[in-house]
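Take a look at the structure set out below.
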Amino acid sequence: MSDPTARDDPEFLATWEIPKTRDCLRCGTAFESRWSGERICPHCKTSHSWRNGLPLNTRASSKPRKR
């Protein structure tokens, strides 16, 4: 008999593990978040300012990026 709370059983996934569409906290674009703590979109994570810990420039925060 298998363990009903096994982590590989999709019926028993913790809510933080379920992918969800979220808005990026840097640019406001909706993206598919892989876990509850992922709040920055992949595009912003590849930016020079994100990788170097620089503050968000005002242009990026004024309007959500169009997709």
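The values are calculated or read from the model by the stated rules, or taken from the named source; none is laboratory data. None of the values given here were measured: they were computed from a predicted structure. All Cβ positions, even for glycine, are placed from backbone atoms using ideal geometry, and neighbour counts span all protein chains on display.
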Margin query: So for segment 53-67 (the condition being in a loop (DSSP other than H, G, I, E, B), in contact with a His (Cβ under 8 Å, 6 or more places away or on another chain) and at pLDDT below 65), does at least one residue qualify?
Written below: yes
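Among the residues of segment 33-47 satisfying the criterion of being part of a loop (DSSP other than H, G, I, E, B) and among the charged types (D, E, K, R), which is nearest to Pro19 (Cα to Cα)?
Restricting attention to segment 33-47, the residues satisfying the condition of being part of a loop (DSSP other than H, G, I, E, B) are 34-41, 46-47.
Subsequent filtering for residues that are among the charged types (D, E, K, R) retains 34, 38-39.
Values: Arg34: 5, Glu38: 10, Arg39: 12 Å.
Out of the qualifying residues, it is Arg34.
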Next item on the list: State yes or no: is Leu25 of a type in the set (A, V, I, L, M), in contact with a helix residue (DSSP H, G or I) (Cβ under 8 Å, 6 or more places away or on another chain) and part of a loop (DSSP other than H, G, I, E, B)?
Entry: no
Check: Only one residue in Leu13, Leu25 is surrounded by 11 or more Cβ atoms within 10 Å (Cβ to Cβ), at pLDDT below 85 and of a type in the set (A, V, I, L, M), so which one is that?
Finding: Leu13
